[in-house]
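Everything on this sheet refers to the single structure shown next.
The values are calculated or read from the model by the stated rules, or taken from the named source; none is laboratory data. The structure presented is a predicted model; accordingly, all values stated were derived computationally and were not measured. For neighbour counting, all protein chains shown are included, and Cβ atoms are generated from backbone atoms with ideal geometry for every residue, glycine included.
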Amino acid sequence: MTVKPEEKAPSDSRLKGAFCYFPIIGWIISLFFILTEKDDRYVRFNAYQGLLLLIVFFVVYMALDVLSALMAQTLYPELAIAIAKRLLPIIYLGVSLLLIYKSLLGERLLLPTIGKAAERQV
């Protein structure tokens, strides 16, 4: 994760950027800001990164579900997958809280792959 130095974003942009990372409703807010905020690059970046983060979380969670179903007959791999499925939402929440905090500070925190993809969309 890298913090991209730039001018401090205005406080309303920081707040809008932080809303994009809220668990459960962040994807709706992100889509709204992607469609409405055409000029504010800071908000658009956070909206894209928040949306991509949720998509990656969802895909990984579904992949773990499929693996769990495929390995229903074995005990140990299924146990490892069950533990991973329990930890994944906690990790997602932690990353979301970190991104909310950084966004409120006006910093642009780039997640390894997701951040670069979000930057290309802005």
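Quick notes on this one:
- The residues of the range 112-122 that are in a loop (DSSP other than H, G, I, E, B) and either modelled with pLDDT under 90 or within 11 Å of residue 46 (Cα to Cα) (or both) amount to a single one, 122.
- Condition check for residue 84: over 17 Å from the mean Cα position of the chain (by Cα), exposed (fewer than 12 other Cβ atoms within 10 Å of the Cβ), hydrophobic (A, V, I, L, M, F, W, C) and in a helix (DSSP H, G or I): no
- Residues (free of Cβ contacts under 8 Å to residues at least 24 places away in the same chain and either over 18 Å from residue 63 (Cβ atoms) or touching a strand residue (DSSP E or B) at 6+ places or on another chain (Cβ under 7 Å) (or both)) located in the range 104-119: 116
- Any hit, the range 92-103, residues being out of contact with any strand residue (DSSP E or B) (no Cβ under 8 Å at 6 or more places or on another chain), among the basic types (Lys, Arg) and in a helix (DSSP H, G or I): no
- Across the range 67-122, the number of residues qualifying as within 22 Å of residue 25 (Cα to Cα), of a type in the set (Ser, Thr, Tyr) and in contact with a helix residue (DSSP H, G or I) (Cβ under 7 Å, 6 or more places away or on another chain) comes to 2.
- Of the residues screened, residue 120 is not one that is closer than 19 Å to residue 9 by Cβ and of a type in the set (D, E, K, R).
- Selection within the range 77-122 - closer than 18 Å to residue 49 by Cβ and among the acidic types (Asp, Glu): 107, 119
- Every residue from the range 47-76 that is more than 9 Å from the chain's Cα centre (by Cα), of a type in the set (Phe, Trp, Tyr) and under 20 Å from residue 20 (Cβ atoms): 58, 61
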